[in-house]
Each structure stands twice: as C-alpha cells, then as structure tokens.
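A quick write-up on the structure given underneath.
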Amino acid sequence: MRRAAAVLLFCTACNGGGPTDLPTPSFPSFPGLVAVSGKAPWASSTCGGPSGQASGALSVDAEVEPRVAVDPRDARHLVGIWQQDRWSNGGANGLVAAATFDGGHTWKTSFAKLTRCSDGPYQRATDPWVDIAPDGTVWQIAFAFDSFAPNRAMLVSRSPDGGLTWDAPITLQRDTDPDLAMDKETLTADPLDAHFVYAVWDRLTGFTNPTNHQNTGPAWFARTTDGGVSWETARAIYDPGPDAQTISNQIVVLPDGTLVNLLMVLTQNSSANPRAVVSVLRSPDRGVTWSTPIAIAEAGFFGVGDRKTGRGIRTGSVVPSIAVDRSNGTLYVAWEDARFSGARDGIALSWSTNGGLTWSPPVQVNGAPAFPAFTPSLAAAGGKLAVSYYDLRNDVPSDSSRTLVTHWLAISSDSGATFSETLIGAPFNIRGAAGVDGPAYFLGDYQAVAAVGADFLPFFVAVPGNGPSDVYFRPADGAASASTLTVAARGVQQLWRGARERWRFGTLFK
C-alpha cells in the first residue's frame, strides 16, 4: 500500500454510533434478496480526507467485504458488517454494521467509533469481522490506520444490545514503527463459554522493504477470558521464519473446545516462485499453547480478470475459509486454486474428521469448471455443507460493455462428494464495483454465508445497475432465481504450480 500525505478533515456530520434506519431499495434484477446496505451514515466525500494521487481514489457508497454472524440464542437475530466507502489504495472511510431481528427482512445500521468518519481517531478501517457469543454479546474487530503516517491498530468493540450500539473500541495492538504492519484480522467468540473471545492476525516486519530476505510475518493472538473486561497482551503464536509470512488467520472451536486456526503460510516471498500452503494450528487449551502447522494443501493461482478491458478482479486468493459442523465435529476448508485445470482458478475443498490432524485430498466445488471461480465462503451444520462463491460463467463474450459475475451457493449433504448448486440473485456487471490496486475491480477479499437451522443464507456484495456495490442477504424464505444444478465434485488432479497471480506477499493486503 502506498502511503499518502494528506490533510484529514474531521467528520462533522456523523451520528453518535447508534442505530439508524437504512432505506432498503428493491432491485428487480436481484429476486429473493434484501439490500442490507445503502448510503453512508456520514459525509463520505469530506470526512475521510481529500482524494488525490497520493491519498487514492474514493468510491463513495461502495460497500465491500461483508461478514455476518448468527445469534446462537435466536436464529432470527443476525449482525453483519462491511467496509463503507472504499479507497483505491487501501481501507475504507469506516465500517458499518447492521442488525436484523426478523430473519433478515429488515435491518438497522450502526457503527463503532473507529475512524474519523465514524467519530474515531483513525483515517481508515478495513477487514471487518463479527461474531456473537453464546450470551448474545456481539463482537467486531477492525484494522484501523492512517494512510499518511505509520499509525495502525487492531481494535475490538462489543455491543451489549444485539448490534444496535457499540462500546468504545479497545486497542489490542498498535504500531507506529513504519517498518511494522498488521493485516487480515479475525475474531471468534467461543461458542462454549461467553467469557472467551479470540482475536488473531498477521504482523509483518520489514514493511518498508518487502524484498528483504529477512522479513517475516508471524501470526499474532490475543484473547479475553472475562467477556471483554480485559484482554491479554497480544503475542505471536507461530513465526514462519525469514522471507515468509502468515495471512488470513481464522479460528474455529471444535465441540471438545479445541481451537483450530486456519492460515495461509507464504514462503520464499522475495523469490520469483513464492509458495502458499493452506495450513492449520491447533490449541487444546483455549489458546495457551499451539501446535506447529499442519499442512492441508499447497495452493496456486492464476488470478481473475476482465479480458475485455484488461483490468483485474481482486479476489480472495490468499483468504481461505473454514467451518466446523458442530453436530459431528467435521472441519471443512475451501480456497481458491487453479490445480484442477492448470488454466483458471476454481474452488477447492478439503475436510478433516479428526480435528484437523489429517485432511482429505482436495476436490473441486464449482460446477462450471470452464470458467474462473473465486472468493469462497463456508458454513456447515447438521451434516450439511455450503460453499458460496463468484464465477464468470454467465458473462457474454460478445458484450463489450459489461462483464457479468454471478454468485452461487453450493450445498452438499454427503461431505462434499456432490453439490446442489443454485444461482443467488442474478448476474451483475462488475464494472460498477470499487476500483483498487491500479486498477482492479473489488468486491472484497472475503464474503459470508450463515448456517441458520436447515438453511444456508448468503451475505455478499453485488453491483446493482451501474453501481456502486451493495451488500445483499437472502432470507430463509427468499426465492432462488435459477434452477438448481447437481454436479459431482472433482477429485484431485496433478498439482499445478507453474502459473500464479501477482502476489502481494510482504505487503498489506488491505
């Protein structure tokens, strides 16, 4: 990420972080979906500072990178979160949350005081994550930073009223050294004990010189054991050594209380052939001690792009997804991988029935393997598994004015042997999405799908009309917009290692 030297303006039009009624527009092109997001609850064009070559370009009212959590006490209560007003060179004006108490038909928005647009101390925020503890307390985590100076922090905030208001953020780690950087944080409320909440992220050294062979990016961890009254000092739980880093750490809790942390281990970062291995760490004692990494599979990517314009599509290529089926303890991991074709990215899936100690060979999930598929998300419950993802199968090659992306929900009742695949919403033109990375279209490095009873409910970003992007949710009684297609998952093929996308190793992935 380039650093910007910009004069920041304090937001004078922000509310106090309480709930607001958000207009819920109806887009006939997305049948069965509820639009959760809308215009920002602040003065988007001024509160985050001026746009320009140094500070990046602002996509006003563009929402990206959503997550959602379900209240374990009441499945009709869900809380989602996303980046609001995305900047081209990293982060957003702020993070907006939304809570529903009627199964997703209506939502009320709020925000924690993280950024200047949301009455907080930092210029931007990114990588939102949300979870709900078994006592109903809602938790969010964010990486907040200034783009003009080395001032960065991992912040957590809790909501005692279901996501309608948020307590003052607590700082888990803060860096002012320009050579240090943090990225890709997640947060997990322990489903077995509301006193325990776990946060994990990567922290990079050598940020100002990513080609240095001695740079490293350990996984860092912090937890509360008293429901957020206090947090233990953050500490590294795995250091991959020089010229390596971790990214996309995510914790799930097994039925026996064991923590399993999913991460991508990136090695040989400064070389012409960096490697990425999808891995897990295990902790039998709620994070006190951790195992060494257990490899699931090596991943390789081509990257995804708009061939008509030559612009890329930034995807969650180094952001795998993990879920545990609490009814039987089976772990599932999905990630973006080109191993099946050697020509385009697809969606790979592996599972473990012994707590992450060993893993199945990867199989392919996406039902149209002739087209790129990207940015998977997982949920599992009751012996069933759901994988949501995007692909380009409905794009029309002769239509030079649009590039159509579709969002799919694939459900398996046989542990990934077969999937029933359904189109969610309708095809949309990704050219109306926010631009990032000089430039590429951007919907987020991740999305979400929630398990609610026997249903799997997508929470994702799409682009209505000419944009900007919005966050959508399909309630349990939402109608699917296309017929269901049953496909067989594809077995392991020769691991493709030759091609890869333009890696962002050693730099922030904001």
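Observations
- Scoring residue 127 on the criteria (1) outside any loop (DSSP other than H, G, I, E, B); (2) at negative phi leaves a single failure, condition (2).
- The numbered conditions (1) under 22 Å from residue 346 (Cα atoms); (2) among the aromatic types (Phe, Trp, Tyr); (3) surrounded by 24 or more Cβ atoms within 10 Å (Cβ to Cβ) are all true for residue 472 except (1).
- Cβ separations smaller than 9 Å between residues 6+ apart or across chains give the following pairs from the stretch 193-221 residues that are closer than 18 Å to residue 170 by Cα to residues that are assigned to a loop (DSSP other than H, G, I, E, B) and basic (Lys, Arg): 196/286; 198/286.
Rundown of residues vs (1) closer than 21 Å to residue 49 by Cα; (2) aromatic (Phe, Trp, Tyr); (3) buried (at least 18 other Cβ atoms within 10 Å of the Cβ), yes/no style:
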position	(1), (2), (3)
118	yes, no, yes
135	no, no, no
139	no, yes, yes
168	no, no, no
181	no, no, yes
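- Condition check for residue 258: farther than 30 Å from residue 403 by Cβ, of a type in the set (S, T, N, Q) and in contact (Cβ under 8 Å) with a residue 12 or more places away in the chain: yes
- In the stretch 433-457, the residues that are within 24 Å of residue 79 (Cα to Cα) reach residues that are among the basic types (Lys, Arg) with C-beta atoms within less than 7 angstrom, at least six apart or across chains, in these pairs: 434/86; 442/86; 442/314; 448/67; 457/474.
- Filter result (over 18 Å from residue 232 (Cβ atoms) and either surrounded by fewer than 19 Cβ atoms within 10 Å (Cβ to Cβ) or among the polar types (S, T, N, Q) (or both)) within the stretch 148-163: 148, 149, 150, 151, 159, 160, 161
- Looking across the stretch 156-180 at every residue that is more than 15 Å from residue 111 (Cβ to Cβ) and of a type in the set (A, V, I, L, M), the one that is modelled with the lowest pLDDT is identified as 180.
- Taken together, the residues in the stretch 309-326 that are under 30 Å from residue 355 (Cβ atoms) and either modelled with pLDDT under 95 or touching a Phe, Trp or Tyr at 6+ places or on another chain (Cβ under 9 Å) (or both) amount to 11.
- Of the residues making up the stretch 423-443, just one is closer than 27 Å to residue 332 by Cβ and surrounded by fewer than 21 Cβ atoms within 10 Å (Cβ to Cβ), namely 423.
- The stretch 366-395, subset among the charged types (D, E, K, R) and assigned to a loop (DSSP other than H, G, I, E, B), residue surrounded by the fewest Cβ atoms within 10 Å (Cβ to Cβ): 393
- Out of 103, 80, sole residue that is crowded, with 24+ Cβ neighbours inside 10 Å and out of contact with any Asp or Glu (no Cβ under 6 Å at 6 or more places or on another chain): 80
- Of the residues making up the stretch 73-103, those that are of a type outside the set (D, E, K, R), farther than 20 Å from residue 443 by Cβ and part of a loop (DSSP other than H, G, I, E, B) number 2.
- Any hit, the stretch 56-72, residues being modelled with pLDDT under 95, surrounded by 15 or more Cβ atoms within 10 Å (Cβ to Cβ) and assigned to a helix (DSSP H, G or I): no
- The residues of the stretch 181-192 that are out of contact with any Leu (no Cβ under 7 Å at 6 or more places or on another chain) and either outside any loop (DSSP other than H, G, I, E, B) or without any contact (Cβ under 8 Å) to a residue 12 or more places away in the chain (or both), listed by number, are 182, 184, 185, 186, 187, 188, 189.
- Restricting the search to strands (runs of 3 or more DSSP E) fully inside the stretch 263-349 and requiring at least 3 residues that are buried (at least 23 other Cβ atoms within 10 Å of the Cβ) gives 275-283, 321-324, 331-337.
- Test result for residue 5, within 17 Å of residue 129 (Cα to Cα) and either in contact with a Ser or Thr (Cβ under 6 Å, 6 or more places away or on another chain) or at pLDDT below 90 (or both): no
- Considered as a group, the residues in the stretch 375-400 that are touching a residue at least 12 places away in the same chain (Cβ under 8 Å) and of a type in the set (Ser, Thr, Tyr) include one that is nearest to residue 315 (Cα to Cα), and that residue is 375.
- Among residues of the stretch 346-368 that are small (Gly, Ala, Ser), those with a Cβ under 8 angstrom from a residue that is at pLDDT below 95, sequence gap 6+ or separate chain, pair up as 360/416; 367/485; 367/487.
- Search result, residues across the stretch 140-165 that are of a type in the set (Val, Ile, Thr) and in contact with an Asp or Glu (Cβ under 6 Å, 6 or more places away or on another chain): 141
- Scanning the stretch 141-166 for residues that are part of a loop (DSSP other than H, G, I, E, B), hydrophobic (A, V, I, L, M, F, W, C) and more than 24 Å from residue 50 (Cβ to Cβ) yields 164, 166.
The values are calculated or read from the model by the stated rules, or taken from the named source; none is laboratory data. Because the structure is a prediction, the values reported are computed rather than measured. Note that each Cβ is placed from the backbone with ideal geometry, even for glycine, and that neighbours are counted across all protein chains shown.
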